[in-house]
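First comes the structure, then the notes that go with it.
The values are calculated or read from the model by the stated rules, or taken from the named source; none is laboratory data. In this text, all values refer to a predicted model and were calculated from it rather than measured experimentally. A quick note on method: Cβ atoms are made from the backbone with ideal geometry, for glycine too, and the neighbour counts reach across all protein chains shown. Accessible surface areas use protein heavy atoms only, side chains included; no ligands, DNA or RNA. Shrake-Rupley method; radii C 1.70, N 1.55, O 1.52, S 1.80 Å.
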Amino acid sequence: MAGQARFQDRVVLVSGASSGIGRGCARKLMAEGAKIVAAGRRRERLDALAAEAASLGAELLAVTGDVRDEASAPAWVAAAVERFGGLDGLVNAAGVMVGGGLLDLPAAEWDRMMDTNLRGMYRLTQVAAPELIRRRGAVVNISSVAGPRPYANLMGYVVSKAGVDAFTRCAALDLAPHGVRVNALNPGVVVTELQTAL
């Protein structure tokens with residue numbers, strides 16, 4: 001992997017790595033020398049990503065679980081420490097999108113988006129923070145162009161991403177004194193399974 005060492009030997013945990021932007025982030029980071037802990041719900045996809053990493057001479061540890069499950073975040077961080085000795089970065093890319101507005105979005109789907117897109121990110125960042133502080137790492141939260149503005153028929157998703165933006169700003173203030181950077185990316189429409197599921 002000569003000439004691609006921007007993140008050489010940095011250990012990065014990527015949630016939502018089994019598809020979409022999370023998978024893309026994992027691929028890009030490992031291509032630039034990072035050691036990846038790829039977290040997601042679909043084992044077969046993570047195993048395929050691990051095989052791809054091995055073919056490139058990269059190091060990738062696949063860990064399964066759901067960000068909504070309280071046990072996932074501690075298990076993923078522990079796996080990073082056990083396998084690679086620590087954690088330098090966190091990419092919060094796990095997310096779901098369900099269409100619907102105030103009059104027709106089921107409360108269960110609202111809860112699923114809030115639990116996945118917002119609470120899952122909060123909990124994983126909180127659990128990872130001691131390791132990130134120890135190694136003066138960085139956090140990148142995948143938000144959306146929907147975070148700063150409203151869209152019709154996407155109420156739950158928009159509100160969850162607005163929460164991601166607010167969380168990012170607050171976490172940046174909390175972690176800056178410890179040398180940890182926290183930023184959000186707000187991409188426009190990226191055609192992934194997130195959109196095709198609507």
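Summary table
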quantity: Top-ranked residue in region 73-105 [being farther than 30 Å from residue 153 by Cα and free of Cβ contacts under 8 Å to residues at least 40 places away in the same chain; ranked as most open to solvent (accessible area, probe 1.4 Å)]; calculated: 82
quantity: Residue satisfying condition, being at pLDDT 95 or above and in contact with a helix residue (DSSP H, G or I) (Cβ under 6 Å, 6 or more places away or on another chain), within set 101, 85; calculated: 101
quantity: Residues (closer than 15 Å to residue 15 by Cβ, open to solvent by less than 30 Å² (accessible area, probe 1.4 Å) and either part of a helix (DSSP H, G or I) or of a type outside the set (Ser, Thr, Tyr) (or both)) located in region 139-167; calculated: 139, 141, 142, 160, 164
quantity: Per-region count, region 106-138, residues farther than 22 Å from residue 71 by Cα and surrounded by 23 or more Cβ atoms within 10 Å (Cβ to Cβ); calculated: 1
quantity: Only listed residue being farther than 21 Å from residue 78 by Cα and not acidic (Asp, Glu), chosen from 58, 54, 26, 38; calculated: 54
quantity: Failed condition for residue 68, given (1) open to solvent by less than 10 Å² (accessible area, probe 1.4 Å); (2) on the phi < 0 side of the Ramachandran plot; calculated: (1)
quantity: Options 41, 23: the member that is touching an Asp or Glu at 6+ places or on another chain (Cβ under 6 Å) and of a type outside the set (S, T, N, Q); calculated: 41
quantity: Residue that is least open to solvent (accessible area, probe 1.4 Å), among those in region 168-191 that are in a loop (DSSP other than H, G, I, E, B) and not polar (S, T, N, Q); calculated: 180
